[in-house]
1. Can you pull the Rg over Rh of the chain, Cα-only, Kirkwood?
2. Return the FRET efficiency for the residue pair residue 39, residue 112: r is the Cβ-Cβ distance, R0 is 22 Å, and the value is rounded to the nearest 0.05.
3. Using the Kirkwood radius over C-alpha pairs as Rh, can you work out the diffusion coefficient of the range 41-95 via Stokes-Einstein at 20 °C, viscosity 1.002 mPa s, in µm² per second?
4. I need to check one value: relative contact order of the chain, counting alpha carbon pairs closer than 8 Å and at least 6 residues apart, in percent.
5. Sequence neighbours fewer than 8 away in the same chain don't count; with that in mind, list the aspartates and glutamates whose C-alpha is under 19 Å from residue 43.
6. Which length gain, in nm to one decimal place, applies between residue 17 and residue 1 when the Cα-Cα distance is subtracted from 0.36 nm times their residue separation?
7. Based on alpha-carbon centroids, what's the gap between the range 46-111 and the range 1-29 in Å, whole number please?
8. What is the dipole size for the chain, taken about its Cα centre, with +1 at each Lys and Arg Cβ and -1 at each Asp and Glu Cβ, in debye to the nearest 20?
Amino acid sequence: QVQLVESGGGLVQAGGSLRVSCAVSGSTFSNFAMGWFRQAPGKEREFVAAITWTGNTNYADSVKGRFTISRDNALKSVHLRMNSLKPEDTAVYYCAAAQSAFGATITRGNYAYWGQGTQVTVSS
């Protein structure tokens, strides 16, 4: 069974940086494209960033130039480095895995496996 476990959330001031990570177990990591989504209170879960096994990436317009997704295939982990954080980045951040055939997909329905989420709070 595929399991995704996020870590690294927390509280940071606006303009600061934070890195969230996701450890994957239970399957061959190369089978998956990996993504990050976020959900703020009262809002839909939205796409943030995605990365393929070979390192192709995709970002939401709202985070381009501020966030960087990366993956360590040997350690079966994926990371999201968040710089220049804004209060509107406050949300629960979820790691997700999609079959590699989807590429760095932005579509939530293409992701079959999800972590439990980690809270990121940006204070003004």
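Nothing in this text is a laboratory measurement; each read-out follows from the coordinates by a stated rule. As the structure is a computational prediction, the values presented were derived from the model and not from experiment. With ideal geometry, Cβ positions are generated from the backbone for all residues, glycine too; neighbour counts draw on all protein chains shown.
1. Values: Rg = 13.3 Å, Rh = 14.1 Å.
On the Cα set of the chain, Rg over Rh gives 0.94.
2. Approximately 0.80, to the nearest 0.05.
3. 174 µm²/s
4. RCO, the chain: 36 percent.
5. Within the straight-line cut-off, residue 43 pairs with 61, 88, 89.
6. 2.5 nm
7. Each part's Cα centre sits 10 Å from the other's.
8. Approximately 100 debye in magnitude.
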